[in-house]
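The values are calculated or read from the model by the stated rules, or taken from the named source; none is laboratory data. What you see is a predicted model; the values in this text were computed from it and never measured. Cβ placement follows ideal geometry from the backbone for every residue including glycine, while neighbour counts extend to all protein chains displayed. Surface accessibility is based on the protein's heavy atoms, side chains included, excluding ligands, DNA and RNA. Shrake-Rupley method; radii C 1.70, N 1.55, O 1.52, S 1.80 Å.
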Amino acid sequence: RSKREGRNNYSFFTKEMQISSKRNLELSHALRTALNNNELHLVYQPQISLHNQEVIGAETLLRWTHPEFGNISPAEFIPIAENNGLIIEIGEWVLRSATKQLQIWIDEGIKPFVVSVNLSAIQFRHANLPESISEILKENSLEAKYLELELTESVTAKDPHQAIEIINAINEIGVKISIDDFGTGYSNLSHLKKFKIYKLKIDQSFVQDIKDDQEDRAIVSAIINMSDALGLKTIAEGVETIEQLQYLRSQGCQEVQGYYFSKPLVAEDFISFIKKS
Ligand code: C2E
Ligand code: MG
Ligand code: MG
Ligand code: MG
């Protein structure tokens, strides 16, 4: 009986895998024309300073709406783009579009703020990343200090020596680097000392249950204290409630982003949000 169960599980498993790989293949194929067909767009999530409640930044997040498949999450299509190599072209498009948009806003008289852009591991290791960042900034005549790049811990963990060189080259341009989803990856804390990093982003999984979970409270508090002691800024992600906000504030967290303030917004709505606040 156990054998038969085993076999059933096995065939169920492979069927799931076939479905998922069929979808992956279809998405991989569809992604090739997504840029040219204008299926990709950016949304911007406000980042709020807890000192003065002002919007001090925006995280750029990529969206894909396919005519047949509908909205596809970046959590699903970014790994596909990394596999088929399109992440380089798409990543450059994101950088170019975000910096162009910010320069347009500045030209329109909006008080300048920082836009942050997520970088994939493959983009980070791609030979001419620093040159391509410089070019894109020049193209859009945007000052480097208004751009921040988000890396996850796993991106820097792979080859720390190479990572230091790339991070130094990016710092030389004047672009800031933050560590995304901090606390969930390969937390090699010695990297924090070696890498010239500007900000830690506390992962939303620690923020979610802050109200009731003593351990999460302790972790969040420890990250903020360590970040402070190292001279880094701290931003908490995924803030949805007033209780979460109050705890973060009480622990000295400097910045927050999350649905409590706003979901990621299309450019037009983002500007209305800034003007209202
Ligand atoms: P991430 O960079 O950690 O982005 C944060 C995610 O949390 C976003 O999901 C955002 O919409 C969501 N979020 C923001 N506030 C809240 C909240 O209060 N509650 C909850 N539950 N969620 C919140 P999204 O947009 O689906 O992006 C998922 C991931 O996809 C990102 O995680 C990032 O790793 C990746 N991604 C998105 N855009 C890009 C991109 O342009 N390039 C690269 N390489 N990766 C991207
Ligand atoms: Mg991010
Ligand atoms: Mg994150
Ligand atoms: Mg993430």
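Beta bridges per DSSP, both residues in segment 18-121: antiparallel share near 75 percent.
In the complete set of protein chains, residue-level accessible area for LYS199 is approximately 10 Å², probe 1.4 angstrom.
The local environment of ARG63, defined by Cβ-Cβ distances under 15 Å, has a net charge of -4 under the rule Lys, Arg +1 and Asp, Glu -1.
Dividing the summed -39500 (n - 2.57) terms of all DSSP H runs of n ≥ 4 by the residue count of the chain sets its mean residue ellipticity at 222 nm at -16500 deg cm²/dmol.
Antiparallel beta bridges, as assigned by DSSP with both residues in the chain, represent about 40 percent of the total such bridges. Ordered by 1.4 Å accessible area with all protein chains kept, ASP212, ASP159, ASP203 run largest first as ASP212, ASP159, ASP203. Taking all protein chains as they are arranged and a probe of 1.4 Å, the heavy atoms of ARG63 leave approximately 70 Å² accessible to solvent. May I ask you to derive the relative contact order of the chain, considering only C-alpha pairs under 8 Å and at least 6 residues apart, and to give it as an integer percent? After rounding, I find 18 percent.
Where the accessible area of segment 163-275 is counted over protein heavy atoms with a 1.4 Å probe, how much of it, in %, is carbon and sulfur?
The nonpolar share, carbon plus sulfur, comes to 47 percent.
Here the Karplus curve 6.51 cos²θ - 1.76 cosθ + 1.60, taken at θ = phi - 60°, turns the phi angles of segment 151-161 into couplings of 10, 8, 4, 5, 5, 7, 6, 4, 9, x, 5 Hz, with x standing for Gly and Pro. Solvent-accessible surface of protein heavy atoms, probed at 1.4 angstrom with all chains present, puts SER262, SER250 in the order SER250, SER262, largest first. Considering only GLN101, SER28, ASN225, and ranking their Cα positions along the charge dipole of the chain that arises from unit charges at the beta-carbon of Lys, Arg, Asp and Glu, the one farthest toward the positive end is SER28. Cβ under 12 Å from ASN171's Cβ, ASN171 left aside: what net charge do those residues give with Lys, Arg +1 and Asp, Glu -1? So the surrounding residues net to 0.
Taking GLU59, GLU76 and ordering them by how much accessible surface each has at a 1.4 Å probe, largest first, produces GLU76, GLU59.
Taking Cβ atoms as reference points and 13 Å as the exclusive limit, the residues near TYR146 contribute a net charge of +1, counting Lys and Arg as +1 and Asp and Glu as -1. A simple charge model with +1 on the Cβ of Lys and Arg, -1 on the Cβ of Asp and Glu and nothing else charged puts the dipole of the chain at about 560 debye relative to its Cα centre.
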